[in-house]
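The values are calculated or read from the model by the stated rules, or taken from the named source; none is laboratory data. Note that the structure is a prediction, hence the values are computed from the model and not measured. Every residue, glycine among them, receives a Cβ derived from its backbone with ideal geometry; neighbour counts consider all protein chains shown. Accessible surface areas use protein heavy atoms only, side chains included; no ligands, DNA or RNA. Shrake-Rupley method; radii C 1.70, N 1.55, O 1.52, S 1.80 Å.
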Amino acid sequence: MTGFSDIEQRLQERERQNRYRRRRVIESPQGRTLQIDGRQVLNFCSNDYLGLANDARVRAAFKQGIDDWGAGSGAAHLVCGHSKPHHELEDAMAEFTGRPRCLLFSSGYAANLGVINGLLSVGDHVFEDRLNHASLLDGGWISRAGFQWFEHSDVDSLSMRLESCANMEGRKLIVSDGTFSMDGDLCRLEEIVRLGRQHGAWVMIDDAHGFGVHGIDGRGIVEPDRYGIDDVQILIGTLGKAFGTHGAFVAGSEELIETLIQKARTYIFSTALPPSIAVATLTSLEILRGEEWRRDRLRNHVQRFRHGAEQIGLTVVPSDSPIQPVLVGAEQAALSISAELEELGILVTPIRPPTVPDGTSRLRITLTAGHTEQDVDHLLSALDACAATVQAIA
Ligand SMILES: *Cc1c(COP(=O)(O)O)cnc(C)c1O
């Protein structure tokens with residue numbers, strides 16, 4: 001068979017392998033519960049860690065933003081789409097991250113592609129953690145720089161890769177998630193920064209899951225007092241997670257941001273976010289930094305969950321973040337348990353290959369400040385009820 005003639009067969013194959021993905025239609029706003037097929041379920045899969053996606057104040061700001069600035073931005077930033085709210089949000093994010101400048105992108109995916117591809121080309125070198133987010137890996141590949149993996153959070157592996165390019169010309173960029181999206185663990189920032197210095201490489205940290213959750217006032221794992229722009233030259237954050245809105249930002253030096261404005265194709269050739277999103281995000285930023293009780297509550301839920309999970313004998317991986325994966329191993333086990341949980345009114349996403357390596361399928365549980373302690377207990381007793389399934393399959 002040639003061309004596209006096997007497209008249907010490929011789909012069937014995928015279905016047989018249990019790898020066929022389907023979307024659910026959500027019939028309610030984001031929150032601790034979601035409505036699906038007319039039924040309320042407890043939501044343990046969203047990245048809305050602080051419960052801001054449907055916050056009344058963020059919603060009101062969004063509406064005001066639409067009244068003041070209309071529905072769309074009309075053009076790319078370099079044409080006539082760069083409005084005052086975009087500019088104000090960039091300034092606010094620069095101040096928040098303790099960096100000279102910030103640049104908004106329409107998504108985290110676009111930011112990562114644009115930044116890496118804008119800075120690197122043939123003859124340069126990119127070093128990526130094996131478990132980096134797909135957008136970071138894709139950015140590395142399309143840049144046409146020499147691409148090197150290092151083993152997950154393995155400093156020796158990274159050091160070896162850097163050594164292997166020690167005498168080569170070209171730019172060197174080390175790229176890592178700050179808080180890893182599937183495991184919830186943090187990168188070894190201190191060592192990465194040290195190796196960056198030692199090898200004259202720049203360091204790019206994507207802390208999509210760390211902002212709002214970790215650090216003083218939710219500044220994430222790249223603490224500005226500890227890591228300046230000579231340590232972590234490129235800092236990425238996304239707005240669709242703890243900020244509860246949409247989009248992403250890159251923070252760094254004046255020269256970095258000006259270079260990206262000239263060279264990042266996903267920035268130059270893409271319509272600016274609606275200004276109303278920037279207005280809404282200015283409000284969510286204020287809430288995110290100001291309302292420490294949301295982080296306290298989140299930390300409390302994380303401890304409660306981990307303690308409870310241990311008691312019922314689940315395999316939780318080391319993670320202090322709201323991402324709490326429960327390892328089940330076999331793909332089929334992850335699917336069955338997740339289906340069983342849904343019967344019990346609990347929504348948890350099964351994560352399986354190719355998103356994670358074979359044999360490490362898991363339930364990716366995310367906790368949020370919107371949950372109550374009772375919600376966490378309810379999740380634990382449902383997991384306990386499913387434990388038989390886990391053991392039967394394991
Ligand atoms: C979610 C995520 C992205 C993508 O951000 P979007 O705004 O959803 O496109 C990028 N990097 C990491 C680490 C993420 O978790």
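Any idea which residue in region 297-307 is nearest to residue 54 (Cα to Cα), counting only those that are within 19 Å of the chain's Cα centre (by Cα) and in contact (Cβ under 8 Å) with a residue 60 or more places away in the chain?
Filtering first and then ranking leaves 298.
Do we find that residue 28 is among the polar types (S, T, N, Q), open to solvent by less than 40 Å² (accessible area, probe 1.4 Å), assigned by TED's automatic domain parsing to the domain that holds residue 213 and over 22 Å from the mean Cα position of the chain (by Cα) in this structure?
Against the criterion (among the polar types (S, T, N, Q), open to solvent by less than 40 Å² (accessible area, probe 1.4 Å), assigned by TED's automatic domain parsing to the domain that holds residue 213 and over 22 Å from the mean Cα position of the chain (by Cα)), residue 28 does not qualify.
If you check every pair at least six apart or on different chains, which have Cβ atoms under 6 Å apart with a residue in region 215-226 that is in contact (Cβ under 8 Å) with a residue 40 or more places away in the chain first and a residue that is of a type in the set (Gly, Ala, Ser) second?
218/212; 220/210; 221/178; 221/210; 224/98
Identify, by number, the condition in (1) in the same structural domain as residue 352 (by TED's automatic domain parsing); (2) in contact with a Leu (Cβ under 9 Å, 6 or more places away or on another chain) that residue 245 doesn't meet.
(1)
Check off (1) within 15 Å of the ligand (Cβ to nearest atom); (2) touching a residue at least 40 places away in the same chain (Cβ under 8 Å); (3) surrounded by fewer than 21 Cβ atoms within 10 Å (Cβ to Cβ) for residue 178 and give me the number that stays unchecked.
Residue 178 satisfies every listed condition except (3).
State whether the residues of region 29-37 include one that is of a type in the set (A, V, I, L, M, F, W, C) and free of Cβ contacts under 8 Å to residues at least 12 places away in the same chain.
Within region 29-37 (the criterion being of a type in the set (A, V, I, L, M, F, W, C) and free of Cβ contacts under 8 Å to residues at least 12 places away in the same chain), the answer is no, since none of the residues qualifies.
Select, from 271, 283, the only residue that is within 16 Å of the ligand (Cβ to nearest atom) and over 17 Å from the mean Cα position of the chain (by Cα).
The conditions single out 271.
Name the residue that is nearest to the ligand (Cβ to nearest atom), counting only residues in region 98-142 that are in a loop (DSSP other than H, G, I, E, B) and crowded, with 22+ Cβ neighbours inside 10 Å.
Only one residue fits best here, namely 133.
Among (1) part of a loop (DSSP other than H, G, I, E, B); (2) open to solvent by 40 Å² or more (accessible area, probe 1.4 Å), which single condition is residue 378 missing?
For residue 378, the failing item is (1).
Condition test on residue 189, is it under 22 Å from residue 150 (Cα atoms), within 15 Å of the ligand (Cβ to nearest atom) and crowded, with 23+ Cβ neighbours inside 10 Å?
No, not satisfied.
May I ask you to list the residues in region 226-248 that are part of a loop (DSSP other than H, G, I, E, B), open to solvent by 10 Å² or more (accessible area, probe 1.4 Å) and either within 13 Å of the ligand (Cβ to nearest atom) or at pLDDT below 95 (or both)?
240, 241, 244, 245, 246
Being farther than 14 Å from residue 112 by Cβ and aliphatic (A, V, I, L, M) is the filter here; which residues of region 253-278 pass it?
256, 257, 261, 268, 272, 273, 277, 278
Residue 14 passes all but one of (1) surrounded by 10 or more Cβ atoms within 10 Å (Cβ to Cβ); (2) farther than 27 Å from residue 350 by Cα; which number fails?
(2)
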